[in-house]
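**Q** The following block contains the structure, expressed as structure tokens.
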Amino acid sequence: MTTDMYFALVLLPLAASVVAGLGGKRIGDAGAMAITIGGVVTSLLLSIWAFIDIAVLNGSSVEAELYTWISTGTLNLSFGVLIDKLTAVMLIVVTGVSAMVHIYSVGYMSHDPSRARFFSYLSLFTFMMLALITAPNMVQMFLGWEGVGLASYLLIGFWFKKESANLASMKAFIVTRVADVGLILAVLTTFAVFGTLSFSGIFPSLDTVAAKDYVFFGHSFPVLELIALFLLIGAMGKSAQFGFHTWLPDAMEGPTPVSALIHAATMVTAGVFLLARMSPLFEHAEAVLTLVAIVGAITAMFAASIGLVQRDIKRVIAYSTCSQLGYMFFACGISAYSAAIFHLMTHAFFKALLFLAAGSVIHAMSDEQDMFKMGGIRKYLPYTYPLMWIGSLALMGIPPFAGFFSKDFILEAAYATGGDMGLMLYIFGTAAALMTAFYSCRVMFLTFHGKPRASKEVMHHVHESPWVMVGPMMFLCVGAVLAGWLGHGMTDTHWWNGAIYIAEGHLLGSHEGLEEVHHIPLLAKFAPLVLVLFSSWVAYWVYIKRSDIPARFAKAVDPLYSWVMNKWYVDELYDLLFVRTARALGLMLWRRGDENTINRFGPDGMAYVTTRGSEALRRLQTGYIYHYAFILIVGVMALITWFIL
Amino acid sequence: MTPFNMMPFDWFAVAPALPEVFLACAAMGLLIVGVFSRGEVASRSVGGLALVSLVVTYVIMHAAKVADFQQAFPKGAVGFMFVADEFAFYAKGLILAAGVFSILLTPDFMNRNSINKFEYYVLITLATLGMMIMVSANDLLAMYVGMELMSFCLYILAAFWRDNLKSSEAGLKYFVLGSLASGLMLYGMSLLYGMTGDTSFDGIGILLGNGLPNIEHSVAITVALVLMIVAMAFKVSAVPFHMWTPDVYEGAPTPVTVFMATAPKAAAMLLMMRVLYQPLLALEDQWMQMLTVLSLLTMGIGSLLAIVQTNIKRLLAYSSIGNVGFMLVGVVAGTEDGVQGVLVYLAIYLTMTIGLFAVLLSLRRKNVFVETIDDLAGLARTAPGAAFAMMLITFSLAGVPPLVGFFGKFYVFSAAIAAGQTWLAISGVLFSVIAAYYCLRIVKVMYFDEGKFRPELNQPSNAQWIAVLAAAGVLVMSVFIDVLDHTAGRAASSLFRLEHTVARH
């Protein structure tokens, strides 16, 4: 593949987005859809080619520069592509899911009046995501990082007439922006320490820098730990890890295809990608790695527990996404980056499938999202029903579906890591898996089984989605079934050809380590699967056989139930800590500080002086030629006098 | 120095000046064509031919550069009086481009006011020739000849709308004050010649670099320096020698204003840099102080007075004064980076100025063009395209990143800081904040005020596509600022590569 083709791969969605966005009536909705789908499908085909070239045929990685933006002295900002195995895998995920979501949206958005705008945003997002994953330096990565945030903001708030959508889009933007400060600091610190921002410049000099300390606010820190910590903060925001997770469930206000593309398969995994891309750096920062693992484990547990009690079908899947991202994080934390990316890939397929299937259900139920108002619709949705089961089974980790391979590998790796840390991660992960199985089954049972709880009118309209929606789901279903088999070779670090670096002594750094992971005690190996099957059975029992149990149980453990139901009160805590105080502080500074002090003596005062001064000066401009000549001569005299005396 | 009449005339020595020679002949040709054709045909054909000659001149210049005539004929044209280096090449590129766009913007306005005479285009061509000689001058005489050729054409152009009171007043004012400045310049030159005994830049540079024999000499040299700087400051309209600018800009027919605000500004600024950095480099300490003061005054007056203007052409006059002030910051830096910054700034300034005037020239009702800022009110609704182009360019003018105007200011200010002129750079930033006010006011008026003026946009004119082109240019330059930067960098380093400057340091 030539470098031009790589550039085309990245830039086509942008071109399509611009044309679709600015084309207006001249190209029409149909034109906009055709152009964006054409662009992203071409990108997909090129990605497959790139994947075969680099990942399958073991080609060497490609780095090419598109153009230099600024080059002054030490600062060199350029845009280009870096395609190695890590990028190749991501390319398949991003363009694959994006292409399917584009096609699916043709059906899902068929009644929307501003479809051209929607497709333009989708393609813009795709471009930004591609720019992020192909970035050869931190600046382009940052550009893509912010760009996907922007696209996410635009798409969550796509139905901008809905108050809740507007609020959700702002929340998503602000929360991720707070975390982005971490990424900015990481970029700046990297530049200060390494003097370059390109990955090929940073990674070789890691060992020389590793010993240095960096003084920051009067304290000295080991410099790599500091950069890694900043990176982690950035990654946590994008990937909705515990503490920064609050925006993700609210983001479900956006159209469902958006949730599938951005908030399940691609953008939210950018944090995991960042960890993997910067693996050489993280491998030099042991303490931060531990922190990554802890953050991931907590998120996995925490989000899964909330998923147990949600009523909104999309929110359950959103919390599930959050929880699965936690798995990927703690995999990175034990240096199993390969496992994290493997899980990222399988997860992208089955989670996008789940979202699209949920969208199909919502579409069928006349835009109803509350699962307690569904039920008994499996007969009417002959394709969506099995497809969604496959997605759920893959999520639960039931063999032979994709999730089984990747999730079990992560748990086994955690166990094999050993020590208190490994054991804790293993237990947390298994507990999360248990809950995952429960809420997945709960979604399926409440939605499709039992007696219909929707109104007659709604039930009358229930219908299977058109082929343009079912087709993409089938494609993703193939991925959800096969990705695990086809991809499990990825778990071997050597497969990555240097795209992922693992330090000596870390578990997956060697073949022996991989063997160790495969040969953990049988009990540890099968415990998660057994527990998953058990909790599925419980779900079956309480939601199909004895559907009175859930309500009674909730009442019996009320404090715990409301704790979980209210999402551990994190939102309330933030409201109290940040939102209210920030508002009060803002009001105070505005009224007292700005208006009465700064404005009076600053801008307003300056403006007053400036305008009066200008008026006075204007009077010099009399229009009389002898005045002008006089001033000229005075100027000459003044200069001569000054320099001769 | 060898007297001219002793030198055997070597035809090949003219080779580096081939573009100028061509343009001079072309101007004569234009006159003949104009005289022998009638009425509207005359102005149309002469206008077209003038455009062609400017373009052909550029082509010849480029060819001459590729063929490297300067290297092939090291004696230079006409005995060292002329130099065709990268710096001159860059300068002439700007001048010719400004000339071409000014001509393109002319016919519509002139026809609507029934003053489309063919002499106009001949004068523009001759003025362009004068400027090209100016920026290539390597001798006081060449410099003066070029400058006067340009100035005379401009005096006539300013008064071109003879039966319009303001226009003739503008022409007269410009002529009287311009002559005064020319007189000062001549006086300065003669003092310089008297003290050094040489008129060539190289010779003066070497003599001054070797130090002056006694104190009387140095007083005379200082006076000469002041007079020359004043004259050049007059041409770039630096404060306090700027008084003519607003009146002339306002009075002259708008296409003439476009021309005066672009090409001569660039030519005078570039000439000033050559004179200061080559023959007068030894007096660096003195001229740096002078220019620092001029630069502060210019930035200040330009920015402050632009705020209170109601007439757009007057506003743009003050805006151009302010921009000259910012450019002087780069000149004062006294380094290659500073010169490079000024060169980049000039290219950006030219693009923005042409764009702004093109927008104004595309807005008219019947035969009346927009005059005051209030006329722009509500433009976002009546002419959204024009308003958008104007907004883009004014934002760039205000220096809002990432638009290209930001880079212009950034380069000159950072060069000043690198040269240790931190306070000058800080004042520059403060003044650019004030300058941002009048830029934003234009946008505010266009987008938020209700207006009465309803422009007719149904007849496409050159002004419309030039406005679009300039706005697009602002965007493209913002992205490819690197290319411009490199070109300017080559030009700047050629200014510093001459031997006698190296010898001094």
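**Q** Which number in (1) hydroxyl-bearing (Ser, Thr, Tyr); (2) surrounded by 11 or more Cβ atoms within 10 Å (Cβ to Cβ); (3) within 11 Å of another protein chain (Cβ to nearest Cβ); (4) part of a helix (DSSP H, G or I) marks the one condition that A:Thr641 misses?
**A** Failed condition: (2).
**Q** Taking the conditions exactly as written (surrounded by fewer than 16 Cβ atoms within 10 Å (Cβ to Cβ), modelled with pLDDT under 95 and farther than 30 Å from B:Arg364 by Cβ), does B:Ala425 satisfy them or not? Steps first, please.
**A** Values: surrounded by fewer than 16 Cβ atoms within 10 Å (Cβ to Cβ): no; modelled with pLDDT under 95: yes; farther than 30 Å from B:Arg364 by Cβ: yes.
For B:Ala425, the condition - surrounded by fewer than 16 Cβ atoms within 10 Å (Cβ to Cβ), modelled with pLDDT under 95 and farther than 30 Å from B:Arg364 by Cβ - is not met.
**Q** Name every residue in the range A:566-623 that is open to solvent by 80 Å² or more (accessible area, probe 1.4 Å), away from chain B (no Cβ under 14 Å) and among the charged types (D, E, K, R), in order of residue number.
**A** Passing the criteria: A:Glu572, A:Arg580, A:Arg583, A:Arg591, A:Arg592, A:Glu595, A:Arg600.
**Q** To continue, here is another question. Answer with yes or no whether B:Ala347 is farther than 15 Å from B:Met269 by Cβ, of a type in the set (A, V, I, L, M), assigned to a helix (DSSP H, G or I) and touching a residue at least 12 places away in the same chain (Cβ under 8 Å).
**A** Working: farther than 15 Å from B:Met269 by Cβ: no; of a type in the set (A, V, I, L, M): yes; assigned to a helix (DSSP H, G or I): yes; touching a residue at least 12 places away in the same chain (Cβ under 8 Å): yes.
No; evaluated as a whole, the condition is false for this residue.
**Q** Anything in the range A:537-557 that is part of a helix (DSSP H, G or I), over 21 Å from A:Arg315 (Cβ atoms) and free of Cβ contacts under 8 Å to residues at least 60 places away in the same chain? List them, or say none.
**A** Step one: filter the range A:537-557 for residues part of a helix (DSSP H, G or I), giving A:537-545, A:549-556.
Of the ones still in play, those that are also over 21 Å from A:Arg315 (Cβ atoms) are A:537-538, A:540-541, A:544-545, A:549, A:552, A:555-556.
Those that are part of a helix (DSSP H, G or I), over 21 Å from A:Arg315 (Cβ atoms) and free of Cβ contacts under 8 Å to residues at least 60 places away in the same chain: A:Trp537, A:Trp541, A:Lys545, A:Ile549, A:Arg552, A:Lys555, A:Ala556.
**Q** Looking only at the range A:418-426, decide whether some residue is under 26 Å from the mean Cα position of the chain (by Cα) and part of a loop (DSSP other than H, G, I, E, B).
**A** no
Yes/no per residue for (1) more than 27 Å from B:Leu495 (Cβ to Cβ); (2) within 11 Å of chain A (Cβ to nearest Cβ); (3) not in a helix (DSSP H, G or I):
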{"residue": "B:Leu180", "(1), (2), (3)": "yes, yes, no"}
{"residue": "B:Ser190", "(1), (2), (3)": "no, no, no"}
{"residue": "B:Gly203", "(1), (2), (3)": "no, no, no"}
{"residue": "B:Leu208", "(1), (2), (3)": "no, no, no"}
{"residue": "B:Val223", "(1), (2), (3)": "no, yes, no"}
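**Q** Has the range A:48-58 got any residue that is open to solvent by less than 60 Å² (accessible area, probe 1.4 Å), in contact with a Gly (Cβ under 7 Å, 6 or more places away or on another chain), at pLDDT 90 or above and not polar (S, T, N, Q)? Lay out the reasoning, then the answer.
**A** Residues of the range A:48-58 that are open to solvent by less than 60 Å² (accessible area, probe 1.4 Å), as a first pass: A:50-51, A:53-55.
Checking the rest, the ones that are also in contact with a Gly (Cβ under 7 Å, 6 or more places away or on another chain) come to A:53.
Those left that are additionally at pLDDT 90 or above: none.
Checked against the condition, which is being open to solvent by less than 60 Å² (accessible area, probe 1.4 Å), in contact with a Gly (Cβ under 7 Å, 6 or more places away or on another chain), at pLDDT 90 or above and not polar (S, T, N, Q), the range A:48-58 yields no hits at all.
**Q** On to the next question. Determine whether A:Gly24 is within 14 Å of chain B (Cβ to nearest Cβ), over 25 Å from the mean Cα position of the chain (by Cα) and more than 30 Å from B:Gly489 (Cα to Cα). Can you show your working first?
**A** Working: within 14 Å of chain B (Cβ to nearest Cβ): yes; over 25 Å from the mean Cα position of the chain (by Cα): yes; more than 30 Å from B:Gly489 (Cα to Cα): yes.
Criteria met by A:Gly24.
**Q** Related question: Out of (1) part of a helix (DSSP H, G or I); (2) open to solvent by less than 10 Å² (accessible area, probe 1.4 Å); (3) within 14 Å of chain A (Cβ to nearest Cβ), what's the single condition that is false for B:Glu250?
**A** Failed condition: (2).
Let's see how each residue does on (1) among the aliphatic types (A, V, I, L, M); (2) at pLDDT below 90; (3) open to solvent by less than 10 Å² (accessible area, probe 1.4 Å); (4) in contact with a Phe, Trp or Tyr (Cβ under 8 Å, 6 or more places away or on another chain):
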| site | (1), (2), (3), (4) |
| --- | --- |
| A:Ser406 | no, no, yes, yes |
| A:Ile410 | yes, no, yes, yes |
| A:Met421 | yes, yes, no, no |
| A:Thr430 | no, no, no, no |
| A:Phe438 | no, no, no, no |
| A:Arg442 | no, no, yes, yes |
| A:Phe445 | no, no, no, yes |
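Listed here are the residues, each with its yes/no results for (1) among the β-branched types (Val, Ile, Thr); (2) open to solvent by less than 10 Å² (accessible area, probe 1.4 Å); (3) at positive phi.
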| residue | (1), (2), (3) |
| --- | --- |
| A:Ser305 | no, no, no |
| A:Phe329 | no, yes, no |
| A:Ile341 | yes, yes, no |
| A:Ala352 | no, yes, no |
| A:Phe372 | no, no, no |
| A:Lys379 | no, no, no |
| A:Tyr383 | no, no, no |
| A:Pro386 | no, no, no |
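**Q** Could you say which residue among B:Val308, B:Val329, B:Val258, B:Val275 is more than 29 Å from B:Leu126 (Cβ to Cβ) and more than 14 Å from chain A (Cβ to nearest Cβ)?
**A** B:Val329
**Q** From the list B:Met228, B:Met269, which one is crowded, with 24+ Cβ neighbours inside 10 Å, within 14 Å of another protein chain (Cβ to nearest Cβ) and assigned to a helix (DSSP H, G or I)? Don't jump to the end; show me each part of the working.
**A** Details: B:Met269 fails: within 14 Å of another protein chain (Cβ to nearest Cβ).
Exactly one residue qualifies, and that residue is B:Met228.
**Q** Here's another thing I want to ask about it. Which residue is nearest to the other protein chains (Cβ to nearest Cβ), if the candidates are limited to the range A:38-86 and must be aromatic (Phe, Trp, Tyr) and outside any strand (DSSP E or B)? Show your work before the answer.
**A** Step one: of the range A:38-86, the residues aromatic (Phe, Trp, Tyr) are A:49, A:51, A:67, A:69, A:79.
Filter again for outside any strand (DSSP E or B), leaving A:49, A:51.
Working: A:Trp49: 29, A:Phe51: 31 Å.
Residue satisfying both the conditions and the ranking: A:Trp49.
**Q** Examine the range B:155-166 for a residue that is touching a helix residue (DSSP H, G or I) at 6+ places or on another chain (Cβ under 9 Å), of a type in the set (Val, Ile, Thr) and under 26 Å from B:Gly48 (Cα atoms), and state whether such a residue exists. First the steps, then the outcome.
**A** Quick first cut of the range B:155-166, residues touching a helix residue (DSSP H, G or I) at 6+ places or on another chain (Cβ under 9 Å) only: B:155-162, B:164-166.
Applying the additional criterion that residues be of a type in the set (Val, Ile, Thr) yields B:156.
Add one more test, that the residue is under 26 Å from B:Gly48 (Cα atoms), and what stays is B:156.
There is at least one residue in the range B:155-166 that is touching a helix residue (DSSP H, G or I) at 6+ places or on another chain (Cβ under 9 Å), of a type in the set (Val, Ile, Thr) and under 26 Å from B:Gly48 (Cα atoms).
**Q** Give B:Val52, B:Val21 a once-over and let me know the one that is surrounded by fewer than 14 Cβ atoms within 10 Å (Cβ to Cβ), part of a helix (DSSP H, G or I), within 22 Å of the chain's Cα centre (by Cα) and modelled with pLDDT of 90 or more.
**A** Details: B:Val21 fails: surrounded by fewer than 14 Cβ atoms within 10 Å (Cβ to Cβ).
The unique qualifying residue is B:Val52.
**Q** While we're looking at this one, here's another question. Let me confirm something: among A:Gly605, A:Gly623, A:Gly613, which residue is under 29 Å from B:Ala170 (Cβ atoms), assigned to a helix (DSSP H, G or I) and of a type outside the set (D, E, K, R)?
**A** Working: A:Gly605 fails: under 29 Å from B:Ala170 (Cβ atoms); A:Gly623 fails: assigned to a helix (DSSP H, G or I).
Only one candidate passes the filter, namely A:Gly613.
The values are calculated or read from the model by the stated rules, or taken from the named source; none is laboratory data. Since the structure is predicted, the reported quantities are computational estimates derived from the model, not experimental observations. Methodologically, a virtual Cβ is constructed for each residue, glycine included, from the backbone with ideal geometry; neighbour enumeration extends over all protein chains shown. Side chains are part of the model used for accessible areas, which takes the heavy atoms of the whole protein and leaves out ligands, DNA and RNA. Shrake-Rupley method; radii C 1.70, N 1.55, O 1.52, S 1.80 Å.
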